[in-house]
Amino acid sequence: QVQLVESGGGLVQAGDSLSLSCAASGRTLGMYIMAWFRQAPGKEREFVGRSRWHAAFQNYADNVKGRFTINREKAKNTGYLQMTSLKSGDTAVYFCAVSRNWGATMVSQFEHWGPGTQVTVSS
């Protein structure tokens, strides 16, 4: 019953920063975690990071740790993926997803997904 939509993707240069948004509707997300995934051409959908909606718990994939940060504005039902020091290898469609399984990291464990937003990083 949760609907998600991502925004904020675009074309940037290597080393630049970009912030993605994930707007949720249908209900508040206090019982959920929100995660970000990405999928590059020809590759499987890859876990990027996740955060509990109501608490300061986050974790990230090793290849984005220290560069990407997940935040949220509860009053807006909106999550954010703030990306810095972008590399060409970060080029992908980025998806947000939510799950009531607080340990979820796999695609199959997430119940609701947005349609994705394209991020392209040029060298």
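Before moving on, here are some points about what is shown:
- Counting lysine pairs in the chain that sit 8 or more residues apart in sequence, or on different chains, and whose Cα atoms lie under 29 Å apart gives 5.
- Accessible surface area normalised per residue over the chain is 49 Å², counting heavy atoms of protein chains with a 1.4 Å rolling probe.
- Rounded percent of accessible protein surface that carbon and sulfur make up, region 26-88, 1.4 Å probe: 48 percent
- Sequence of Asp62, Asp90 when ordered by accessible area, the most exposed leading, probe 1.4 angstrom: Asp62, Asp90
- Dipole of the chain computed with +1 at Lys/Arg Cβ and -1 at Asp/Glu Cβ about the Cα centre; of Ser21, Val98, Gln39, farthest Cα towards the positive end is Val98.
- Spread of Cα-to-Cα distances over 10 Å intervals beginning at zero, given as percent, for the chain: 14, 51, 30, 5, 0
- Three principal axis lengths of region 12-73 [C-alpha, angstrom, descending]: 35, 24, 21
- When Rg and the Kirkwood radius Rh are both evaluated on Cα atoms of region 56-123, their ratio Rg/Rh stands at 0.96.
- In this label model, Asp62 and Ser7 are separated by 3.7 nm, measuring between points 7 Å along each Cα→Cβ vector.
The values are calculated or read from the model by the stated rules, or taken from the named source; none is laboratory data. Note that the structure is a prediction, hence the values are computed from the model and not measured. Methodologically, a virtual Cβ is constructed for each residue, glycine included, from the backbone with ideal geometry; neighbour enumeration extends over all protein chains shown. Areas reflect the complete protein model, heavy atoms only, side chains present, ligands, DNA and RNA absent. Shrake-Rupley method; radii C 1.70, N 1.55, O 1.52, S 1.80 Å.
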